[in-house]
């Protein structure tokens with residue numbers, strides 16, 4: 001086990017310590033900004049069908065099979 005000679009100082013993260021350090025107005029303004037900020041939305045995850053063939057191979061996925069309906073010739077209208 002590694003023992004450090006200087007213990008990590010305990011930081012006081014209470015609201016009183018923040019107000020004492022930065023002032024009540026700044027702490028209130030930061031809290032209001034955090035409450036009114038729009039949520040951080042993540043982009044939707046990529047689907048395996050949308051990946052490039054090189055990425056599929058790098059991830060160990062099988063090659064994408066061709067859709068049998070896409071290989072059919074177009075249908076000519078009878079009328």
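Within the stretch 20-45, the set of residues being exposed (fewer than 10 other Cβ atoms within 10 Å of the Cβ) and part of a loop (DSSP other than H, G, I, E, B) comprises 37, 38, 39, 40, 41, 42, 43, 44, 45. Quick one: is residue 10 modelled with pLDDT under 90, loosely packed, with under 10 Cβ neighbours inside 10 Å and either in contact with a helix residue (DSSP H, G or I) (Cβ under 8 Å, 6 or more places away or on another chain) or part of a helix (DSSP H, G or I) (or both)? So residue 10 does not fit the description; no.
The values are calculated or read from the model by the stated rules, or taken from the named source; none is laboratory data. Here the structure is a predicted model, which is why all the values come from computation and not from measurement. Note that we place each Cβ from the backbone using ideal geometry, even for glycine, and neighbour counts take in every protein chain shown.
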